[in-house]
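Participant: Below is one structure. I have some questions about it.
The values are calculated or read from the model by the stated rules, or taken from the named source; none is laboratory data. None of the values given here were measured: they were computed from a predicted structure. Reconstructed Cβ throughout: ideal geometry from the backbone, glycine too, with neighbour counts over all protein chains shown.
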Amino acid sequence: MTARIFRLTQVHQRIDEYLRFERRKRAPDPAVCERLQKLRSRAKRLLGRLALRG
């Protein structure tokens, strides 16, 4: 595993944790949730591209 893949995996996990935390709130902020979903999706796409490179 390269350092870049490892770092992106960590970023993806942190975003996912914060998104779960935000959704558990009594009144989650939809704007924050949407932004976190976009960031998580972007990190996942980058990981996919790196995985395809080999």
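The rows are residues; the columns are (1) of a type outside the set (S, T, N, Q); (2) at pLDDT 95 or above.
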site	(1), (2)
Thr2	no, no
Gln13	no, yes
Arg26	yes, yes
Ala43	yes, yes
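Participant: Please go through segment 1-24 and give me each residue that is in contact (Cβ under 8 Å) with a residue 12 or more places away in the chain and aliphatic (A, V, I, L, M), ordered by number.
Facilitator: Ile5, Leu8, Val11, Ile15, Leu19
Participant: What pairs can you find where one residue is in segment 38-54 and assigned to a helix (DSSP H, G or I), the other is loosely packed, with under 10 Cβ neighbours inside 10 Å, and their Cβ atoms are less than 9 Å apart, with a gap of 6+ or different chains?
Facilitator: Between residues of segment 38-54 that are assigned to a helix (DSSP H, G or I) and residues that are loosely packed, with under 10 Cβ neighbours inside 10 Å, the close pairs are Leu50/Thr2.
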